[in-house]
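For reference, the structure discussed in these notes is given below.
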Amino acid sequence: MNRKSFSIFFVRDTFKVGHLMDDCSMSQHSASQASNNTELLATRDAYRFRTAVSRLKGSSFVKHYELHDDKARIYYFGDFASYRRLVPYSALAKEDYLHYLGTEGAVYQLLLDSTVYLLKELHFLNHVTIEIPNHGKIYTVNVSRKELDEHLDCSLSEMKDGHHHRFYLLYRDLEVKKFVSQFVKVRRLRRKH
């Protein structure tokens with residue numbers, strides 16, 4: 001199946017708009033051609049980043065995402081009503097939203113899962129920021145690859161071998177709490193008067 005898409009990517013301090021391209025054509029370029037062309041690398045990385053974001057848990061509720069060189073930023077919808085306003089014909093129900101973002105514990109688990117997944121899957125990423133406004137607060141994780149590798153006592157980039165997933169990380173409540181205390185910042189939203 002050939003799908004057409006275009007990307008906006010950041011190369012050498014400027015934004016570039018990629019042309020419409022076949023998603024399947026990205027893998028047809030040899031490694032030597034890709035290493036000689038910065039724009040091709042940026043386009044390939046943008047494609048891989050979009051694909052990884054689409055595979056995150058709760059990815060349907062991602063409002064916006066950005067990729068700047070080796071830094072990724074992801075923003076989620078703050079509530080189901082704002083999601084429904086922007087995507088009125090979605091088949092997803094409020095229960096789907098609550099499954100991923102219904103409790104503070106679910107938000108913390110989503111932040112940990114998403115951060116680890118992105119840094120494991122995308123070798124070119126070195127920094128991830130994820131923001132979830134929810135429950136009257138804004139939950140933000142802002143972590144580098146080095147910090148997370150030290151925290152987990154492993155190298156996430158070595159956990160992926162081509163397209164085959166060889167390792168899985170399973171978290172207990174204690175690991176989630178340690179991650180939250182070290183990397184997640186929570187601040188109250190200001191109410192509009």
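The values are calculated or read from the model by the stated rules, or taken from the named source; none is laboratory data. The structure presented is a predicted model; accordingly, all values stated were derived computationally and were not measured. Cβ: placed from backbone, ideal geometry, glycine included. Neighbour counts: every protein chain shown. These area figures cover heavy atoms from the full protein model, side chains too; ligands, DNA and RNA do not enter into them. Shrake-Rupley method; radii C 1.70, N 1.55, O 1.52, S 1.80 Å.
Please indicate, with yes or no, whether at least one residue in the range 62-69 is closer than 30 Å to Arg190 by Cα and over 14 Å from the mean Cα position of the chain (by Cα). Show your work before the answer.
Taking the range 62-69 first, the residues closer than 30 Å to Arg190 by Cα are 62-68.
In the following step, the residues that additionally are over 14 Å from the mean Cα position of the chain (by Cα) were identified as none.
Within the range 62-69, none of the residues are closer than 30 Å to Arg190 by Cα and over 14 Å from the mean Cα position of the chain (by Cα).
Residue by residue, here is whether (1) assigned to a strand (DSSP E or B); (2) of a type outside the set (Val, Ile, Thr); (3) without any contact (Cβ under 8 Å) to a residue 40 or more places away in the chain; (4) open to solvent by less than 60 Å² (accessible area, probe 1.4 Å) holds:
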{"residue": "Gly105", "(1), (2), (3), (4)": "no, yes, no, yes"}
{"residue": "Phe124", "(1), (2), (3), (4)": "no, yes, no, yes"}
{"residue": "Thr129", "(1), (2), (3), (4)": "yes, no, no, yes"}
{"residue": "Asn142", "(1), (2), (3), (4)": "yes, yes, no, no"}
- Test set (1) among the hydroxyl-bearing types (Ser, Thr, Tyr); (2) in a helix (DSSP H, G or I); (3) at pLDDT below 90 - Ser114 fails condition number: (3)
- Query: All but one of (1) among the basic types (Lys, Arg); (2) within 18 Å of the chain's Cα centre (by Cα); (3) at pLDDT below 90 hold for Lys16; which doesn't?
  - Reply: (2)
- Task: Tell me which residues, restricted to the range 73-95, are under 21 Å from Gly136 (Cβ atoms), open to solvent by 40 Å² or more (accessible area, probe 1.4 Å) and touching a residue at least 24 places away in the same chain (Cβ under 8 Å).
- Result: Tyr75, Asp79
- Message: Consider the range 154-184. How many of its residues are surrounded by fewer than 12 Cβ atoms within 10 Å (Cβ to Cβ) and at pLDDT 80 or above?
- Response: 2
- Taking first residues from the range 170-193 that are outside any helix (DSSP H, G or I) and second residues anywhere that are exposed (fewer than 14 other Cβ atoms within 10 Å of the Cβ) and modelled with pLDDT under 90, the pairs with Cβ under 7 Å that are 6 or more apart or on different chains are Arg188/Gly136; Leu189/Gly136
